[in-house]
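The values are calculated or read from the model by the stated rules, or taken from the named source; none is laboratory data. Model, not experiment: these values are computed from the prediction. Cβ placement follows ideal geometry from the backbone for every residue including glycine, while neighbour counts extend to all protein chains displayed.
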Amino acid sequence: MSDLTPLLETLRGLARAQDDLKAAALAKRDALTACRLSEIEQATAREEEALARLAPLESARAAALARLLPGERHPRLSLLLPQADGPERLELEALREHLR
């Protein structure tokens with residue numbers, strides 16, 4: 001099911017952005033605990049960058065799901081799993097779990 005490629009790329013980007021956001025939040029927490037202002041500012045900037053990447057990726061995910069599941073009132077990733085096969089299905093399942 002090669003038309004899943006754009007969705008998979010979007011989901012990978014979402015996973016990376018979420019991971020970056022989590023890492024920045026942890027770094028910020030550690031910097032706050034140690035009262036290190038420059039590190040707090042750096043972590044805040046990384047958080048803002050990750051958040052800025054998330055919004056367009058969420059929109060792209062919604063658009064890709066709508067294209068792949070036309071007519072679905074509430075298209076969800078779980079509705080695509082029965083249609084996917086092989087490595088794409090495995091990656092979809094893994095990304096779905098990662099993004100929860």
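Side notes on the structure shown:
- Pairs, first within 28 Å of E9 (Cα to Cα) and in contact (Cβ under 8 Å) with a residue 24 or more places away in the chain in segment 29-56, second buried (at least 16 other Cβ atoms within 10 Å of the Cβ) and of a type in the set (D, E, K, R), C-beta under 6 Å, six or more apart: A50/D20
- Among the residues making up segment 55-83, those that are closer than 22 Å to R16 by Cβ, of a type in the set (G, A, S) and at pLDDT 85 or above are A55, S59, A60, A62, A63, A64.
- Residues in segment 57-68 that are under 13 Å from L11 (Cα atoms) and without any contact (Cβ under 8 Å) to a residue 12 or more places away in the chain were compared, and the one that is farthest from the chain's Cα centre (by Cα) is A63.
- Of the helices (runs of 4 or more DSSP H) lying entirely inside segment 8-99, those containing at least 2 residues that are acidic (D, E) span 37-68, 86-98.
- Top-ranked residue in segment 42-68 [being under 15 Å from A25 (Cα atoms) and acidic (D, E); ranked as surrounded by the fewest Cβ atoms within 10 Å (Cβ to Cβ)]: E48
- Scope segment 69-80; condition surrounded by 14 or more Cβ atoms within 10 Å (Cβ to Cβ) and either closer than 18 Å to R12 by Cα or in contact (Cβ under 8 Å) with a residue 40 or more places away in the chain (or both); matching residues: L77, L80
- If you go through segment 23-41 and keep only what is surrounded by 13 or more Cβ atoms within 10 Å (Cβ to Cβ) and small (G, A, S), you end up with A23, A24, A25, A27, A31.
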